[in-house]
Amino acid sequence: MKKVNRRDFLKTAVGTAALASATGALSGCATTKQSPSSGTPSQQGKSVMGLVVNKMDVVRVGFIGVGQRGIGHVKHYCVLDGVEIKAICDTHQEVLDRAVNHVVEQDRPKPTAYTGSEHAYRDMLARDDIDIVIISTPWAWHTPMCVDTMESGKHAFVEVPAATTLEECWQLVDTAERTQKNCMMMENVNYGRDELMVLNMVRQGLFGELVHGEAAYIHDLRWQMKEIDHKTGSWRTYWHTKKNGNLYPTHGLGPVSQYMNINRGDRFDYVTSVSSPALGREAYAKREFDSEHERNSLEFVAGDMNTSIIKTVNGRSIMVQHDTTSPRPYTRHNLIQGTNGTFAGFPNRIAVETPPSTIKAIYEAQHEQALKVWHDGGEQGRKPYPPSFHGWDRDMEKWRKQYDHPLYTRMGEEAKRNGGHGGMDFLMNYRIIYCLRNGEPLDQDVYDAAAWSSIFPLSVASVDNRSNSQDVPDFTRGAWKTGTPLPIIA
(Lines give C-alpha, C1' and ligand atoms only; values in the text may rest on other atoms or scores of the structure.)
Protein backbone atom coordinates (compact mmCIF):
# COMPACT_ATOMS: atom_id res chain seq x y z
CA MET A 1 0.00 0.00 0.00
CA LYS A 2 1.17 3.55 -0.71
CA LYS A 3 0.34 7.08 0.42
CA VAL A 4 1.83 10.54 0.65
CA ASN A 5 4.81 10.41 3.05
CA ARG A 6 4.38 6.64 3.03
CA ARG A 7 7.98 5.87 3.97
CA ASP A 8 7.83 8.08 7.05
CA PHE A 9 4.59 6.43 8.10
CA LEU A 10 5.84 2.90 7.60
CA LYS A 11 9.06 3.56 9.51
CA THR A 12 7.00 4.29 12.61
CA ALA A 13 3.99 2.05 11.98
CA VAL A 14 5.82 -0.99 13.28
CA GLY A 15 5.43 0.34 16.80
CA THR A 16 2.18 -0.39 18.63
CA ALA A 17 1.58 3.24 19.54
CA ALA A 18 2.17 4.38 15.96
CA LEU A 19 -0.18 1.72 14.67
CA ALA A 20 -2.91 2.83 17.04
CA SER A 21 -2.39 6.41 15.89
CA ALA A 22 -2.45 5.40 12.23
CA THR A 23 -5.54 3.24 12.37
CA GLY A 24 -7.64 5.19 14.85
CA ALA A 25 -10.17 3.72 17.24
CA LEU A 26 -11.03 0.61 15.25
CA SER A 27 -14.28 -1.08 16.09
CA GLY A 28 -13.54 -4.14 18.19
CA CYS A 29 -9.87 -3.26 18.77
CA ALA A 30 -8.32 -2.40 22.10
CA THR A 31 -10.74 -4.76 23.86
CA THR A 32 -7.98 -6.78 25.46
CA LYS A 33 -4.84 -5.58 27.18
CA GLN A 34 -2.38 -8.41 26.92
CA SER A 35 1.31 -8.59 27.76
CA PRO A 36 3.76 -11.46 27.32
CA SER A 37 3.15 -14.41 29.64
CA SER A 38 -0.11 -13.00 30.99
CA GLY A 39 -3.29 -14.98 31.57
CA THR A 40 -6.33 -15.75 29.46
CA PRO A 41 -8.91 -12.97 29.18
CA SER A 42 -12.62 -13.64 29.55
CA GLN A 43 -14.47 -14.89 26.52
CA GLN A 44 -16.63 -12.39 24.62
CA GLY A 45 -18.48 -14.82 22.37
CA LYS A 46 -18.49 -18.54 21.70
CA SER A 47 -15.75 -20.74 20.34
CA VAL A 48 -15.23 -20.88 16.59
CA MET A 49 -13.35 -24.19 16.76
CA GLY A 50 -14.60 -26.14 13.74
CA LEU A 51 -16.74 -23.20 12.63
CA VAL A 52 -19.05 -24.04 9.73
CA VAL A 53 -20.89 -21.25 7.94
CA ASN A 54 -23.83 -21.54 5.57
CA LYS A 55 -22.94 -22.92 2.17
CA MET A 56 -22.24 -20.27 -0.42
CA ASP A 57 -23.27 -21.10 -3.98
CA VAL A 58 -21.11 -18.19 -5.08
CA VAL A 59 -18.34 -16.67 -2.96
CA ARG A 60 -18.19 -12.89 -3.46
CA VAL A 61 -14.68 -11.58 -2.90
CA GLY A 62 -13.02 -8.27 -2.12
CA PHE A 63 -9.27 -7.64 -2.03
CA ILE A 64 -7.24 -5.25 0.09
CA GLY A 65 -3.70 -4.93 -1.23
CA VAL A 66 -2.82 -6.29 -4.66
CA GLY A 67 0.91 -5.70 -4.86
CA GLN A 68 3.43 -8.53 -4.80
CA ARG A 69 1.27 -11.10 -2.97
CA GLY A 70 -2.21 -9.81 -3.64
CA ILE A 71 -2.04 -9.92 -7.43
CA GLY A 72 -1.29 -13.64 -7.26
CA HIS A 73 -4.47 -14.21 -5.28
CA VAL A 74 -6.48 -12.15 -7.77
CA LYS A 75 -5.22 -14.35 -10.61
CA HIS A 76 -6.18 -17.53 -8.75
CA TYR A 77 -9.67 -16.35 -7.90
CA CYS A 78 -10.20 -15.51 -11.57
CA VAL A 79 -9.88 -19.20 -12.49
CA LEU A 80 -11.76 -20.74 -9.55
CA ASP A 81 -15.37 -21.78 -10.05
CA GLY A 82 -18.06 -20.22 -7.91
CA VAL A 83 -16.25 -16.92 -7.36
CA GLU A 84 -17.23 -13.34 -8.12
CA ILE A 85 -14.64 -10.59 -7.66
CA LYS A 86 -16.61 -7.56 -6.52
CA ALA A 87 -14.06 -4.99 -5.42
CA ILE A 88 -10.34 -4.30 -5.12
CA CYS A 89 -8.63 -1.75 -2.88
CA ASP A 90 -5.08 -0.43 -2.96
CA THR A 91 -3.63 3.02 -2.40
CA HIS A 92 -1.01 2.47 -5.12
CA GLN A 93 -2.82 3.31 -8.35
CA GLU A 94 -0.49 1.35 -10.61
CA VAL A 95 -0.98 -2.02 -8.93
CA LEU A 96 -4.70 -1.32 -8.45
CA ASP A 97 -5.15 -0.72 -12.18
CA ARG A 98 -3.13 -3.84 -12.98
CA ALA A 99 -5.38 -6.01 -10.82
CA VAL A 100 -8.64 -4.53 -12.10
CA ASN A 101 -7.48 -4.91 -15.70
CA HIS A 102 -6.49 -8.53 -15.13
CA VAL A 103 -10.00 -9.38 -13.91
CA VAL A 104 -11.52 -7.74 -17.00
CA GLU A 105 -9.08 -9.56 -19.27
CA GLN A 106 -10.38 -12.84 -17.87
CA ASP A 107 -13.86 -11.94 -19.18
CA ARG A 108 -15.17 -11.23 -15.71
CA PRO A 109 -17.17 -8.15 -14.70
CA LYS A 110 -15.04 -5.16 -13.82
CA PRO A 111 -14.62 -4.91 -10.03
CA THR A 112 -15.10 -1.62 -8.25
CA ALA A 113 -11.79 0.06 -7.38
CA TYR A 114 -11.16 1.78 -4.03
CA THR A 115 -8.21 4.06 -3.39
CA GLY A 116 -7.26 7.54 -2.21
CA SER A 117 -6.39 6.98 1.45
CA GLU A 118 -5.11 4.35 3.84
CA HIS A 119 -8.64 3.76 5.06
CA ALA A 120 -10.32 3.54 1.67
CA TYR A 121 -10.79 -0.17 2.37
CA ARG A 122 -13.48 0.75 4.91
CA ASP A 123 -15.62 2.10 2.09
CA MET A 124 -15.28 -1.28 0.41
CA LEU A 125 -16.22 -3.06 3.63
CA ALA A 126 -19.44 -1.01 3.81
CA ARG A 127 -20.78 -2.96 0.83
CA ASP A 128 -23.28 -5.74 1.45
CA ASP A 129 -22.38 -7.83 -1.60
CA ILE A 130 -19.00 -9.15 -0.38
CA ASP A 131 -18.63 -12.40 1.59
CA ILE A 132 -14.87 -12.67 2.10
CA VAL A 133 -11.94 -10.27 2.04
CA ILE A 134 -8.37 -11.20 1.06
CA ILE A 135 -5.84 -9.01 2.90
CA SER A 136 -2.30 -8.73 1.50
CA THR A 137 -0.87 -5.58 3.04
CA PRO A 138 2.12 -4.68 5.26
CA TRP A 139 2.15 -6.49 8.58
CA ALA A 140 1.13 -3.51 10.69
CA TRP A 141 -2.23 -3.45 8.91
CA HIS A 142 -3.10 -7.15 9.16
CA THR A 143 -4.93 -7.19 12.48
CA PRO A 144 -6.74 -3.83 12.10
CA MET A 145 -8.01 -4.82 8.65
CA CYS A 146 -9.06 -8.28 9.84
CA VAL A 147 -10.97 -6.80 12.76
CA ASP A 148 -12.70 -4.26 10.54
CA THR A 149 -13.55 -7.00 8.05
CA MET A 150 -15.17 -9.27 10.63
CA GLU A 151 -17.00 -6.37 12.26
CA SER A 152 -18.47 -5.55 8.86
CA GLY A 153 -19.96 -9.04 8.65
CA LYS A 154 -17.40 -10.58 6.32
CA HIS A 155 -14.87 -13.38 6.64
CA ALA A 156 -11.20 -12.35 6.81
CA PHE A 157 -8.33 -14.09 5.05
CA VAL A 158 -4.97 -12.52 5.76
CA GLU A 159 -1.35 -12.94 4.77
CA VAL A 160 1.26 -13.95 7.34
CA PRO A 161 1.78 -13.11 10.12
CA ALA A 162 -1.79 -12.40 11.16
CA ALA A 163 -0.62 -10.37 14.17
CA THR A 164 2.58 -8.87 15.54
CA THR A 165 1.64 -8.48 19.24
CA LEU A 166 -0.18 -10.64 21.77
CA GLU A 167 -2.82 -7.94 22.07
CA GLU A 168 -3.47 -8.23 18.35
CA CYS A 169 -3.67 -12.03 18.62
CA TRP A 170 -6.41 -11.69 21.21
CA GLN A 171 -8.18 -9.03 19.14
CA LEU A 172 -8.45 -11.52 16.29
CA VAL A 173 -9.72 -14.30 18.54
CA ASP A 174 -12.18 -12.08 20.42
CA THR A 175 -13.58 -10.56 17.23
CA ALA A 176 -13.95 -13.93 15.49
CA GLU A 177 -15.76 -15.39 18.50
CA ARG A 178 -18.01 -12.37 18.92
CA THR A 179 -18.93 -12.10 15.23
CA GLN A 180 -18.79 -15.83 14.43
CA LYS A 181 -16.76 -15.05 11.34
CA ASN A 182 -13.79 -16.93 9.96
CA CYS A 183 -10.36 -15.36 10.34
CA MET A 184 -7.82 -17.50 8.53
CA MET A 185 -4.16 -16.72 8.17
CA MET A 186 -3.20 -17.74 4.65
CA GLU A 187 -0.23 -19.95 5.53
CA ASN A 188 0.39 -21.23 2.02
CA VAL A 189 3.27 -23.54 2.97
CA ASN A 190 0.78 -25.93 4.60
CA TYR A 191 -0.35 -26.71 1.05
CA GLY A 192 3.08 -27.56 -0.37
CA ARG A 193 3.40 -31.04 -1.86
CA ASP A 194 6.07 -32.13 0.61
CA GLU A 195 4.24 -30.73 3.63
CA LEU A 196 1.00 -32.42 2.55
CA MET A 197 2.85 -35.71 2.03
CA VAL A 198 4.47 -35.55 5.47
CA LEU A 199 1.09 -34.79 7.05
CA ASN A 200 -0.23 -37.94 5.39
CA MET A 201 2.79 -39.92 6.64
CA VAL A 202 2.18 -38.66 10.18
CA ARG A 203 -1.53 -39.47 10.07
CA GLN A 204 -0.72 -43.02 8.92
CA GLY A 205 1.68 -43.45 11.83
CA LEU A 206 4.87 -43.90 9.80
CA PHE A 207 7.04 -42.07 12.35
CA GLY A 208 5.39 -43.51 15.45
CA GLU A 209 4.68 -41.16 18.35
CA LEU A 210 5.90 -37.66 17.54
CA VAL A 211 8.45 -36.12 19.90
CA HIS A 212 10.20 -33.26 18.10
CA GLY A 213 9.93 -30.90 15.13
CA GLU A 214 12.10 -28.28 13.47
CA ALA A 215 10.87 -25.33 11.46
CA ALA A 216 12.55 -22.32 9.89
CA TYR A 217 12.39 -19.40 7.55
CA ILE A 218 15.98 -19.06 6.37
CA HIS A 219 15.91 -16.95 3.23
CA ASP A 220 18.44 -14.29 2.21
CA LEU A 221 16.27 -11.21 1.65
CA ARG A 222 18.90 -8.49 1.97
CA TRP A 223 18.14 -7.50 -1.62
CA GLN A 224 14.73 -6.24 -0.45
CA MET A 225 16.56 -3.37 1.24
CA LYS A 226 16.85 -1.87 -2.26
CA GLU A 227 13.06 -1.59 -2.50
CA ILE A 228 12.80 1.99 -1.29
CA ASP A 229 9.43 3.43 -2.33
CA HIS A 230 7.42 0.34 -3.25
CA LYS A 231 7.26 -3.39 -2.63
CA THR A 232 8.00 -5.45 0.46
CA GLY A 233 11.40 -4.03 1.35
CA SER A 234 10.02 -0.51 1.55
CA TRP A 235 8.34 -1.41 4.86
CA ARG A 236 9.70 -4.78 5.94
CA THR A 237 13.26 -3.46 6.29
CA TYR A 238 12.21 -1.30 9.24
CA TRP A 239 11.05 -4.24 11.32
CA HIS A 240 14.71 -5.22 11.61
CA THR A 241 15.33 -1.88 13.35
CA LYS A 242 12.51 -2.31 15.89
CA LYS A 243 12.30 -5.91 17.08
CA ASN A 244 14.87 -8.58 17.98
CA GLY A 245 13.37 -12.03 17.71
CA ASN A 246 11.75 -14.35 15.20
CA LEU A 247 10.07 -11.83 12.92
CA TYR A 248 8.47 -14.39 10.61
CA PRO A 249 7.80 -17.76 12.25
CA THR A 250 4.80 -19.23 10.49
CA HIS A 251 6.08 -20.64 7.19
CA GLY A 252 7.99 -23.43 8.88
CA LEU A 253 5.90 -23.60 12.04
CA GLY A 254 2.49 -23.98 10.38
CA PRO A 255 3.11 -27.42 8.87
CA VAL A 256 4.88 -28.76 11.97
CA SER A 257 1.95 -27.52 14.07
CA GLN A 258 -0.47 -29.46 11.91
CA TYR A 259 1.69 -32.58 12.12
CA MET A 260 1.56 -32.29 15.92
CA ASN A 261 -2.16 -31.42 16.14
CA ILE A 262 -1.45 -28.08 17.80
CA ASN A 263 -4.74 -26.61 19.09
CA ARG A 264 -6.33 -29.99 18.31
CA GLY A 265 -5.06 -32.28 21.06
CA ASP A 266 -1.92 -30.38 22.03
CA ARG A 267 -0.91 -26.74 22.23
CA PHE A 268 2.13 -24.52 22.66
CA ASP A 269 3.02 -24.16 26.35
CA TYR A 270 6.04 -21.84 26.47
CA VAL A 271 8.89 -20.58 24.30
CA THR A 272 12.45 -19.51 24.91
CA SER A 273 14.48 -17.59 22.35
CA VAL A 274 18.01 -16.41 21.63
CA SER A 275 19.37 -14.15 18.88
CA SER A 276 22.78 -13.81 17.31
CA PRO A 277 24.39 -10.39 16.79
CA ALA A 278 22.80 -8.14 14.17
CA LEU A 279 25.64 -7.61 11.71
CA GLY A 280 24.62 -8.64 8.20
CA ARG A 281 22.24 -5.88 7.20
CA GLU A 282 24.51 -3.08 8.34
CA ALA A 283 27.37 -4.63 6.35
CA TYR A 284 25.11 -5.02 3.32
CA ALA A 285 23.99 -1.40 3.53
CA LYS A 286 27.58 -0.18 3.68
CA ARG A 287 28.46 -2.27 0.64
CA GLU A 288 25.40 -1.55 -1.51
CA PHE A 289 24.42 2.05 -0.71
CA ASP A 290 26.16 5.41 -0.70
CA SER A 291 27.38 6.45 2.73
CA GLU A 292 24.73 9.20 2.90
CA HIS A 293 21.88 6.88 1.94
CA GLU A 294 19.04 6.49 4.42
CA ARG A 295 19.70 2.76 4.70
CA ASN A 296 23.09 3.56 6.27
CA SER A 297 21.43 5.63 8.98
CA LEU A 298 19.40 2.71 10.29
CA GLU A 299 20.33 0.81 13.45
CA PHE A 300 19.52 -2.86 12.87
CA VAL A 301 18.68 -4.71 16.07
CA ALA A 302 17.17 -8.00 14.88
CA GLY A 303 19.79 -10.70 15.24
CA ASP A 304 20.84 -12.24 11.95
CA MET A 305 19.81 -15.67 13.30
CA ASN A 306 17.11 -16.23 15.87
CA THR A 307 16.55 -19.66 17.41
CA SER A 308 13.46 -20.32 19.48
CA ILE A 309 12.45 -23.50 21.28
CA ILE A 310 8.78 -24.21 21.91
CA LYS A 311 7.60 -26.72 24.48
CA THR A 312 4.10 -28.14 24.06
CA VAL A 313 1.71 -29.14 26.81
CA ASN A 314 2.14 -32.78 25.81
CA GLY A 315 5.91 -32.45 26.18
CA ARG A 316 7.04 -32.21 22.57
CA SER A 317 9.72 -29.76 21.44
CA ILE A 318 9.89 -27.57 18.34
CA MET A 319 12.89 -25.58 17.18
CA VAL A 320 12.01 -22.52 15.07
CA GLN A 321 14.66 -20.44 13.33
CA HIS A 322 14.59 -17.14 11.43
CA ASP A 323 17.34 -15.66 9.28
CA THR A 324 16.68 -13.39 6.30
CA THR A 325 20.13 -11.83 6.39
CA SER A 326 22.85 -14.45 6.00
CA PRO A 327 24.24 -15.67 2.65
CA ARG A 328 23.09 -19.28 2.83
CA PRO A 329 20.66 -21.56 0.96
CA TYR A 330 16.93 -21.32 1.53
CA THR A 331 15.38 -23.76 4.01
CA ARG A 332 12.26 -24.25 6.11
CA HIS A 333 13.78 -27.36 7.78
CA ASN A 334 10.40 -29.17 7.81
CA LEU A 335 11.67 -31.83 10.19
CA ILE A 336 9.42 -34.14 12.15
CA GLN A 337 10.78 -36.83 14.45
CA GLY A 338 9.03 -39.72 16.14
CA THR A 339 9.71 -42.99 17.87
CA ASN A 340 9.95 -44.85 14.53
CA GLY A 341 11.89 -42.36 12.43
CA THR A 342 12.36 -38.89 11.02
CA PHE A 343 11.58 -36.86 7.92
CA ALA A 344 13.61 -33.76 7.10
CA GLY A 345 13.41 -31.33 4.22
CA PHE A 346 15.80 -29.19 2.15
CA PRO A 347 16.74 -31.61 0.71
CA ASN A 348 14.05 -34.18 1.41
CA ARG A 349 15.31 -37.24 3.26
CA ILE A 350 13.86 -39.89 5.51
CA ALA A 351 15.07 -42.48 8.00
CA VAL A 352 12.77 -45.03 9.59
CA GLU A 353 13.42 -48.05 11.77
CA THR A 354 10.49 -50.13 10.54
CA PRO A 355 9.45 -49.25 6.98
CA PRO A 356 6.02 -50.21 5.61
CA SER A 357 5.94 -53.54 3.77
CA THR A 358 5.46 -51.90 0.38
CA ILE A 359 8.61 -49.80 0.77
CA LYS A 360 10.51 -52.84 2.02
CA ALA A 361 9.44 -54.77 -1.08
CA ILE A 362 10.68 -51.98 -3.33
CA TYR A 363 14.08 -52.11 -1.65
CA GLU A 364 14.22 -55.86 -2.04
CA ALA A 365 13.52 -55.56 -5.77
CA GLN A 366 16.05 -52.77 -6.20
CA HIS A 367 18.79 -54.58 -4.32
CA GLU A 368 18.27 -58.18 -5.39
CA GLN A 369 21.94 -58.71 -6.25
CA ALA A 370 23.11 -57.00 -3.07
CA LEU A 371 20.84 -59.28 -1.07
CA LYS A 372 22.43 -62.34 -2.65
CA VAL A 373 25.87 -61.03 -1.67
CA TRP A 374 24.64 -60.46 1.86
CA HIS A 375 23.15 -63.96 2.10
CA ASP A 376 26.51 -65.35 0.92
CA GLY A 377 28.19 -63.57 3.80
CA GLY A 378 29.65 -60.69 1.79
CA GLU A 379 29.77 -56.96 2.56
CA GLN A 380 30.59 -57.74 6.19
CA GLY A 381 27.09 -59.04 6.81
CA ARG A 382 25.39 -55.68 6.26
CA LYS A 383 21.87 -55.85 4.84
CA PRO A 384 21.15 -53.32 2.06
CA TYR A 385 17.49 -53.18 3.09
CA PRO A 386 15.32 -52.02 4.73
CA PRO A 387 16.71 -48.48 4.64
CA SER A 388 18.88 -48.03 7.69
CA PHE A 389 18.01 -45.26 10.11
CA HIS A 390 21.76 -44.68 10.38
CA GLY A 391 21.68 -43.11 6.93
CA TRP A 392 19.23 -40.90 5.07
CA ASP A 393 17.15 -42.28 2.23
CA ARG A 394 16.96 -39.44 -0.33
CA ASP A 395 15.01 -41.30 -3.02
CA MET A 396 11.56 -39.78 -2.53
CA GLU A 397 9.77 -41.25 -5.53
CA LYS A 398 8.75 -44.51 -3.86
CA TRP A 399 7.61 -42.64 -0.76
CA ARG A 400 5.52 -40.25 -2.87
CA LYS A 401 3.86 -43.16 -4.65
CA GLN A 402 2.58 -44.40 -1.31
CA TYR A 403 2.14 -41.19 0.68
CA ASP A 404 1.40 -38.31 -1.70
CA HIS A 405 -1.55 -36.46 -0.20
CA PRO A 406 -4.80 -37.22 -2.05
CA LEU A 407 -5.46 -33.50 -2.47
CA TYR A 408 -2.20 -33.15 -4.34
CA THR A 409 -2.80 -36.35 -6.31
CA ARG A 410 -6.11 -34.93 -7.51
CA MET A 411 -5.20 -31.25 -7.89
CA GLY A 412 -1.42 -31.17 -8.20
CA GLU A 413 -1.21 -30.70 -11.97
CA GLU A 414 -3.79 -27.92 -11.94
CA ALA A 415 -1.96 -26.30 -9.04
CA LYS A 416 1.32 -26.34 -10.96
CA ARG A 417 -0.38 -24.85 -14.03
CA ASN A 418 -1.80 -21.98 -12.01
CA GLY A 419 1.38 -21.48 -9.99
CA GLY A 420 2.13 -19.60 -6.81
CA HIS A 421 5.18 -21.02 -5.03
CA GLY A 422 5.00 -24.20 -7.07
CA GLY A 423 1.22 -24.44 -6.78
CA MET A 424 0.81 -24.25 -3.01
CA ASP A 425 -0.84 -20.81 -3.24
CA PHE A 426 -3.41 -22.12 -5.71
CA LEU A 427 -4.21 -25.18 -3.56
CA MET A 428 -4.72 -22.92 -0.55
CA ASN A 429 -7.13 -20.66 -2.42
CA TYR A 430 -8.90 -23.65 -3.92
CA ARG A 431 -9.45 -25.11 -0.45
CA ILE A 432 -10.78 -21.82 0.91
CA ILE A 433 -13.45 -21.65 -1.77
CA TYR A 434 -14.19 -25.37 -1.59
CA CYS A 435 -14.83 -25.25 2.16
CA LEU A 436 -17.03 -22.16 1.93
CA ARG A 437 -19.09 -23.56 -0.93
CA ASN A 438 -19.52 -26.97 0.71
CA GLY A 439 -20.18 -25.90 4.28
CA GLU A 440 -17.00 -27.42 5.71
CA PRO A 441 -14.67 -25.99 8.38
CA LEU A 442 -11.51 -24.33 7.07
CA ASP A 443 -8.17 -26.12 7.33
CA GLN A 444 -6.80 -23.27 9.48
CA ASP A 445 -8.71 -21.11 11.95
CA VAL A 446 -8.25 -18.01 14.06
CA TYR A 447 -6.66 -20.01 16.89
CA ASP A 448 -3.97 -21.23 14.50
CA ALA A 449 -3.47 -17.67 13.28
CA ALA A 450 -3.03 -16.42 16.84
CA ALA A 451 -0.84 -19.27 18.14
CA TRP A 452 1.53 -19.40 15.17
CA SER A 453 1.81 -15.60 14.98
CA SER A 454 2.35 -15.24 18.73
CA ILE A 455 5.85 -16.71 18.48
CA PHE A 456 6.93 -13.37 16.93
CA PRO A 457 6.19 -11.17 20.00
CA LEU A 458 6.95 -13.92 22.49
CA SER A 459 10.39 -14.53 21.00
CA VAL A 460 11.07 -10.80 21.22
CA ALA A 461 10.02 -10.80 24.87
CA SER A 462 12.24 -13.79 25.61
CA VAL A 463 15.30 -12.27 23.92
CA ASP A 464 14.71 -9.06 25.84
CA ASN A 465 14.62 -11.04 29.09
CA ARG A 466 17.89 -12.99 28.83
CA SER A 467 16.10 -15.77 26.91
CA ASN A 468 13.85 -16.65 29.81
CA SER A 469 10.79 -18.62 28.74
CA GLN A 470 7.50 -16.92 27.90
CA ASP A 471 4.14 -18.61 28.34
CA VAL A 472 2.10 -19.02 25.17
CA PRO A 473 -1.52 -18.07 25.87
CA ASP A 474 -4.21 -20.68 25.33
CA PHE A 475 -6.05 -18.83 22.59
CA THR A 476 -8.60 -21.67 22.38
CA ARG A 477 -9.54 -21.22 26.05
CA GLY A 478 -9.40 -24.97 26.61
CA ALA A 479 -11.05 -26.06 23.37
CA TRP A 480 -7.75 -27.58 22.19
CA LYS A 481 -8.40 -30.55 24.44
CA THR A 482 -11.33 -31.71 22.32
CA GLY A 483 -10.38 -30.17 18.96
CA THR A 484 -10.48 -32.54 15.99
CA PRO A 485 -7.15 -33.08 14.21
CA LEU A 486 -7.01 -31.92 10.60
CA PRO A 487 -8.13 -34.91 8.50
CA ILE A 488 -6.53 -36.10 5.29
CA ILE A 489 -8.98 -34.48 2.91
CA ALA A 490 -9.26 -35.28 -0.78
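The values are calculated or read from the model by the stated rules, or taken from the named source; none is laboratory data. Everything quoted here is computed from the prediction, not taken from an experiment. For neighbour counting, all protein chains shown are included, and Cβ atoms are generated from backbone atoms with ideal geometry for every residue, glycine included. Protein only, heavy atoms only, side chains kept; ligands, DNA and RNA dropped before computing areas. Shrake-Rupley method; radii C 1.70, N 1.55, O 1.52, S 1.80 Å.
For the pair I489 and R349, a Förster radius of 35 Å applied to the C-beta separation gives a FRET efficiency near 0.85, rounded to the nearest 0.05.
Test of understanding: express the Cα radius of gyration of the stretch 401-490 as a ratio to 2.2 N^0.38 Å, with N the residue count.
Values: Rg = 17.6 Å, N = 90, 2.2 N^0.38 = 12.2 Å.
Rounded to two decimals, the normalised Rg is 1.44.
Rounded, prolate or oblate: pick one for the stretch 201-313, where a ≥ b ≥ c are the square roots of the eigenvalues of its C-alpha gyration tensor, a/c under 1.5 means rounded, and failing that, prolate if a/b is larger than b/c, else oblate. Display every interim value, and only then the final one.
On the way: a/c = 3.21, a/b = 2.57, b/c = 1.25.
Prolate, because a/c is 1.5 or more and a/b exceeds b/c.
Pairs spanning more than 30 Å between alpha-carbon atoms, out of K242/K416; K242/K286; K75/K311; K154/K231; K154/K481: K242/K416; K75/K311. Backbone phi angles across the stretch 260-266, fed through the Karplus curve with coefficients 6.51, -1.76 and 1.60 (θ = phi - 60°), yield HN-Hα couplings of 8, 6, 5, 6, 9, x, 8 Hz in residue order; Gly and Pro are listed as x. Each stretch of four or more DSSP H residues adds -39500 (n - 2.57); spread over every residue of the chain, this sum gives -11000 deg cm²/dmol at 222 nm.
Assuming 0.36 nm per residue, please report the length gained on full extension of the stretch E368 to H421 beyond their Cα-Cα distance.
Numbers: separation 53, 0.36 × 53 = 19.08 nm, distance 3.94 nm.
Length gained between E368 and H421: 15.1 nm.
With contacts taken as Cα pairs under 8 Å and at least 6 residues apart, the chain reaches a relative contact order of 22 percent. Using C-alpha pairs below 8 Å separated by at least 6 residues, the relative contact order for the stretch 228-351 is 26 percent. Quick one: if the Förster radius is 35 Å, what FRET efficiency do K110 and E299 give, using the C-beta to C-beta distance and rounding to 0.05? The calculated FRET efficiency here is 0.15. How much net charge surrounds L486 when only other residues with a Cβ under 14 Å from its Cβ are counted (Lys, Arg +1; Asp, Glu -1)? That works out to -4. Where Lys and Arg each count +1 and Asp and Glu each count -1, what net charge lies around K181 among other residues with Cβ under 13 Å from its Cβ? Around K181, the surrounding residues sum to -3. Close amide H pairs (under 5 Å, H built 1.01 Å from N) link G245 with G303, residues at least 5 positions away or on another chain. Note on D290 and H230: their simple-model spin labels are 2.3 nm apart, each label 7 Å out from Cα toward Cβ. For F207, the amide hydrogen comes within under 5 Å of no other amide hydrogen, counting only partners 5 or more places away or on other chains and with H modelled in the peptide plane. Think of each Lys and Arg Cβ as +1 and each Asp and Glu Cβ as -1; about the Cα centre, that makes the dipole of the chain roughly 140 debye. What a 1.4 Å probe finds exposed on the chain is 47% carbon and sulfur by accessible area, rounded to a whole percent. Taken over the stretch 443-490, the ratio of Cα radius of gyration to 2.2 N^0.38 Å equals 1.45. Couplings 3J(HN,Hα) for the stretch 293-303, derived from phi with the Karplus relation 6.51 cos²θ - 1.76 cosθ + 1.60 (θ = phi - 60°), are 5, 4, 4, 7, 9, 7, 9, 7, 10, 6, x Hz, where x marks Gly and Pro. Computed with a 1.4 Å probe over protein heavy atoms only, the accessible surface of the stretch 227-301 comes to 39 Å² per residue. For the stretch 425-490 versus the stretch 111-146, the spacing of their alpha-carbon centroids is 23 Å. Taking a point 7 Å from the Cα of E94 along the Cα-to-Cβ direction, the residues of the stretch 213-236 with backbone N closer than 16 Å to it are 226-235. Taking 0.36 nm per residue of sequence separation and removing the Cα-Cα distance, the R400/N468 pair yields an extension gain of 20.4 nm.
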